[in-house]
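In what follows, a single structure is set out as structure tokens and then discussed.
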Amino acid sequence: MPIDLDRIRSQTPGVAHRIHLNNAGAGLMPQPVLDAMVGYLQREATIGGYETANEAGERLARVYDSVARLIGAEREEIALTENATVAWQMAFYALEFRPGDRILTARAEYAANYVAFLQVARRTGAVVEVIPDDEDGVLDPAALERMIDDRVRLIAITWIPTNGGLVNPAAAVGQIARRHAIPYLLDACQAVGQMPVDVEALGCDMLSATGRKFLRGPRGTGFLYVRKNLLQALEPPVIDHFGAPWVAPDRYELRVDARRFETWENNYAARLGLGVAVDYALAIGMEEIEARCRNLADRLRYALATLPGITVHDLGPNPAAIVTFSIAGVDPEAAKAGLAALGINVSTSKGSSTLLDALARHLPTVIRASPHYYNTDEEIDRMIDAVAGLSAR
């Protein structure tokens, strides 16, 4: 069914004020998400925080079902977290490494993940190795296959990096990981919400994501998926009495589900907003969302590539809805400010966020525009005209 753009925009208050092309940073929340969160907070102020959580218990529990449905998992495999970084860290630091163990990752890996690899390598003697890319700049599954040996302890990659539209072959990586029984951790922050996600098809054992980006949920929300057959083998790096109830003076017992990775205190209003955001996306349809996101991004990307003085930096044959570019002679932060003055939200991505990729490609700080399904063709055209104006100065 085609996306009802008029209805969706009428439910997105932010579009009345700005052309928002920073969904890879934080998407505009739809009104139902805002209503759910404000209503919950008002109820907290009226009857109390604990009392509101008890009253809304069934609605809060359904958030696990919604997230599980979004990614093709079971609710017992879902933990809700404060953000995607916490989700990823809880999974990664639950793994054990010994001297000589190998961690295989992507060249475009996100900084928060890579520094964790380096820390564990320093502590344990494990080594971090980068999977080569193919001629298109995409992670090469054949090269990964050649790297496999009995010392590979983990394959951990970012599906879509923060600094461009590259889409790494996450499912092909999963096939290799499963064939060799190697744990596979997938950072899906920029994928969840802009394209269908099926953990079974991806073959990942662990997946982390955020609510604030393409899912259009609130900041301060994220989730972790852990496959059931791995879950029981993992003890979280930190625990409290929620994830590991204290059952005897000298003993605790970890929860049997993925909520062993959670702690007792949470932002319940934000969690409720996350669940509404997931349901909102599912009601539209993830295939429909992906098609429109790619269409808008392609329209922007191809037009920018034709402008004099503009260099588009995206890699891969079928990039996602993140468009990165630079303007000759124009500081990227100044360009961001200039676009903001015209009512257009974009972001910038510094080399330090994906250092290996930036060094390999000699990337400057790039301007990042990330359209979403609620953007219009006219907004994309205004963005193109605005960039053309900046490059002509």
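Coordinate-derived values only; no laboratory data. Note that the structure is a prediction, hence the values are computed from the model and not measured. Reconstructed Cβ throughout: ideal geometry from the backbone, glycine too, with neighbour counts over all protein chains shown.
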Check your understanding: For the stretch 1-101, what does the alpha-carbon gyration tensor say about shape, rounded, prolate or oblate, given a ≥ b ≥ c as the root eigenvalues, a/c under 1.5 as rounded, and a/b over b/c as prolate?
Key -> oblate
Exercise for review: Kindly identify the stretch 103-236 as rounded, prolate or oblate by the Cα gyration tensor criterion: order the square roots of the eigenvalues as a ≥ b ≥ c, call it rounded if a/c is under 1.5, otherwise compare a/b with b/c, prolate if a/b is larger, else oblate.
Suggested key: rounded
Practice item. Using Cα centres only, tell me the gap between the stretch 101-130 and the stretch 198-230 in whole Å. Key: 20
Revision key, fill the gap. Of Pro364, Pro236, Pro30, the most mobile residue in a GNM of the chain (C-alpha springs, cutoff 10 Å) is Pro364
Point to revise | Estimated 222 nm signal from helices in the chain, with DSSP H stretches of n ≥ 4 weighted -39500 (n - 2.57), rounded to 500 | key: -12500 deg cm²/dmol
**Study point:** Percent RCO, i.e. relative contact order, over the chain, from Cα pairs under 8 Å lying at least 6 residues apart
**Key:** 23
Check your understanding: Net charge near Leu139, counting Lys/Arg +1 and Asp/Glu -1 over other residues with Cβ under 9 Å of its Cβ?
Key -> -2
**Study point:** Dipole of the chain, positive direction: furthest Cα of Leu342, Ala209, Ala53, with charges on the beta-carbon
**Key:** Leu342
Practice item. Provide the gained length on full extension for the span Asp240 to Arg69, in nm with one decimal, where the gain is 0.36 nm per separating residue minus the Cα-Cα distance. Key: 58.8 nm
Practice item. With +1 on each Lys and Arg Cβ and -1 on each Asp and Glu Cβ, and nothing else charged, work out how big the dipole of the stretch 105-248 is about its Cα centre, in Debye to the nearest 20. Key: 540
Study note, to complete from the structure: Row for the stretch 97-171, column shape: gyration tensor on C-alpha, a ≥ b ≥ c, rounded if a/c < 1.5 i.e. under 1.5, prolate if a/b over b/c, else oblate; value oblate
Review point. Under a no-solvent Debye model with one identical scatterer per Cα of the chain, what's log10 I(q)/I(0) at q = 0.06, 0.08, 0.09, 0.15 Å⁻¹?
Key: -0.24, -0.43, -0.55, -1.38
